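What follows is a set of notes on a single structure, which appears directly below.
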Amino acid sequence: MSRVKPEAIWQHDKVLPYILTRIKDKINEITAVEKILLFGSRGRLPLERWNELEGKDWDVLVQAKCKLKNARVLLDEEYHLDLLVLDESQTKKFTENMTTKELFPINELECLTAKNEENGKF
């Protein structure tokens, strides 16, 4: 995630909430955030296989009350994120045939992490 600390990309439990909270706060200043989803490689692969994705961007989709053009300007340059901000109908169309992981308001990663810890996988 970070160019300064490349190893932090795998600390999704520590790094990702911080980055997404900042993005969510910035977007909320413009329009209400309804959902945050991971799509692309991390949306498809199970959490325990994310080590296969080293060097890949994090593909983040924010569903908001309205689409934001050029959402990339909301990101710090030091993070490897691809960000889309779409409204509900555009989000449904975009993710129609896609597997995603919801991070807000339902945190699917938290559930997956808790399950894996219970089963001794982490």
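Would you check which residues across segment 42-79 are open to solvent by 20 Å² or more (accessible area, probe 1.4 Å) and of a type outside the set (D, E, K, R) and list them?
Listed by number, the residues that qualify are Leu45, Pro46, Asn51, Gly55, Cys66, Leu68, Asn70, Val73, Leu74, Leu75, Tyr79.
The set of residues from segment 84-113 being in a helix (DSSP H, G or I), in contact (Cβ under 8 Å) with a residue 24 or more places away in the chain and open to solvent by less than 70 Å² (accessible area, probe 1.4 Å) comprises Thr91, Leu109, Leu112, Thr113. Taken across segment 89-100, residues that are modelled with pLDDT of 80 or more, within 13 Å of Leu20 (Cβ to Cβ) and under 16 Å from the mean Cα position of the chain (by Cα) do not occur at all.
Checking the structure you have, find out if any residue of segment 15-24 is open to solvent by 80 Å² or more (accessible area, probe 1.4 Å), over 19 Å from Thr91 (Cβ atoms) and out of contact with any strand residue (DSSP E or B) (no Cβ under 8 Å at 6 or more places or on another chain). The answer is yes; a qualifying residue exists.
The values are calculated or read from the model by the stated rules, or taken from the named source; none is laboratory data. Only a predicted model underlies this, so the values are computations on that prediction, with no experimental measurement involved. Here Cβ is always computed from backbone atoms with ideal geometry, including for glycine, and neighbour counts include all displayed protein chains. Surface accessibility is based on the protein's heavy atoms, side chains included, excluding ligands, DNA and RNA. Shrake-Rupley method; radii C 1.70, N 1.55, O 1.52, S 1.80 Å.
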